[in-house]
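Trainee: Structure incoming, see below.
The values are calculated or read from the model by the stated rules, or taken from the named source; none is laboratory data. Model, not experiment: these values are computed from the prediction. Here the Cβ positions follow ideal geometry from the backbone for every residue, glycine too, while neighbour counts run over all protein chains shown.
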Ligand code: ATP
Ligand code: MG
């Protein structure tokens, strides 16, 4: 898939931007704080309707403005064209609207139109941070390519809220224990779809070893009737479902080492990049076409052999990369890419 055109209005530090892309990869070159990461974030937002770095989406709206728009023209190999638009409004409360080929859609249905994989240095938190971050990366990777997974996840989250509500009512003496039966059954059913997809995904990442022998080991929080029985007293006491995919995790390992605790900064960063590049291969295989790859400052801490491995992958699909200098970028990639210079929210050198 190719991003042909991107238009931004009031997105981060961009007032108005209209930018054409072509088949080639693009290097976004510029000093610190000119808006390179913001541009990558805008493309990721167009792809997922989610920010790659903040949970507070209203921060995406340019300071002092009350709305922002991100628009894109996507083309498939068969020249099938897709027009995507996301509008954000801040009129008292924050609101988001999405449209596909100029028709409004529900935000929950939006994901999957324009698959993308993004790597940025802050993603290292995936290795060292909380389990919820790792689940976020799992879910966004899988939900972009697997509609069945996306649906199971949405249902699971709804059923979880309902089951917890019943647990609370039981604790307060307002409901009977058998009122859990329905929600428990549904949670187990959707939970199985989620865990088997997560297990298969992580297994597939492990078979892809372009950057070293990293292992992503699934730590499943298995949810079954038997296990739930063991937890039932505690669940009622805390009014919360204590096991299931919402408690899943995975560890990032190299040899016998868990890299969250025993990894060097470079290893953690490399493992994150390996996860992203393997995700790209998984998504490509599942979809039968290659997602766009967004790389923020990827070459700066890589040694020459790892750089060569990255260059090889980068040339397989449209890649958009941000950098402060060209020195670290292998010549082979420089020769094949288009370089755009950014100065303070304005693109020069087109
Ligand atoms: P670096 O090389 O340091 O990574 P960058 O080019 O990637 O820099 P960005 O992260 O894209 O820089 O940020 C560019 C500028 O955008 C920052 O100075 C930031 O303050 C500004 N900015 C972020 N959000 C908003 C917003 N909502 N409104 C206006 N400006 C914003
Ligand atoms: Mg940046």
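Trainee: Based on this model, can you work out whether residue 261 counts as part of a helix (DSSP H, G or I), crowded, with 16+ Cβ neighbours inside 10 Å and in the same structural domain as residue 281 (by TED's automatic domain parsing)?
Mentor: Judged against the criteria, residue 261 is not a match.
Trainee: Considering each residue of the stretch 30-76, count those that are touching a strand residue (DSSP E or B) at 6+ places or on another chain (Cβ under 8 Å), touching a residue at least 40 places away in the same chain (Cβ under 8 Å) and more than 12 Å from ligand 2 (Cβ to nearest atom), and give that number.
Mentor: Number satisfying all stated conditions: 21.
Trainee: Tally time: how many residues in the stretch 104-125 are free of Cβ contacts under 8 Å to residues at least 24 places away in the same chain and under 19 Å from residue 260 (Cβ atoms)?
Mentor: 1
Trainee: Take residue 280 and decide whether it is in a helix (DSSP H, G or I), surrounded by 20 or more Cβ atoms within 10 Å (Cβ to Cβ), away from ligand 2 (no atom under 16 Å from the Cβ) and under 22 Å from the mean Cα position of the chain (by Cα).
Mentor: Taking the combined requirement at face value, the residue satisfies it.
Trainee: To continue, here is another question. Under 6 Å by Cβ, and 6 or more places apart or on different chains, what pairs join a residue from the stretch 321-342 that is within 14 Å of residue 308 (Cα to Cα) with one that is within 15 Å of ligand 1 (Cβ to nearest atom)?
Mentor: Every condition considered, the pairs that remain are 328/299; 328/300; 329/299.
Trainee: Here are some residues: 326, 302. Which one is at pLDDT 90 or above, outside the structural domain of residue 206 (by TED's automatic domain parsing) and touching a helix residue (DSSP H, G or I) at 6+ places or on another chain (Cβ under 7 Å)?
Mentor: It is 326.
Trainee: Anything in the stretch 193-241 that is over 24 Å from residue 260 (Cα atoms) and in a loop (DSSP other than H, G, I, E, B)? List them, or say none.
Mentor: Across the stretch 193-241, the qualifying residues are 223, 224, 239, 240, 241.
Residues are listed down the side, and each one gets a yes or a no for (1) crowded, with 20+ Cβ neighbours inside 10 Å; (2) in the same structural domain as residue 57 (by TED's automatic domain parsing):
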| site | (1), (2) |
| --- | --- |
| 89 | no, yes |
| 93 | no, yes |
| 103 | no, yes |
| 108 | no, yes |
| 145 | yes, no |
| 158 | no, no |
| 164 | no, no |
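Trainee: Which residue pairs have Cβ atoms closer than 8 Å, lie 6 or more positions apart in sequence or on different chains, and pair a first residue in the stretch 1-26 that is not assigned by TED's automatic domain parsing to the domain that holds residue 75 with a second residue that is more than 16 Å from ligand 2 (Cβ to nearest atom)?
Mentor: none
Trainee: In the stretch 308-336, which residues are more than 14 Å from ligand 1 (Cβ to nearest atom) and closer than 18 Å to residue 6 by Cα?
Mentor: 317, 318, 319
Trainee: Going by the structure shown, is residue 167 over 30 Å from residue 279 (Cβ atoms), modelled with pLDDT of 95 or more and assigned to a helix (DSSP H, G or I)?
Mentor: yes
Trainee: Scan the stretch 111-151 for residues that are over 30 Å from residue 323 (Cα atoms) and either in a helix (DSSP H, G or I) or in contact with a strand residue (DSSP E or B) (Cβ under 7 Å, 6 or more places away or on another chain) (or both) and jot them down.
Mentor: 147, 148, 149, 150, 151
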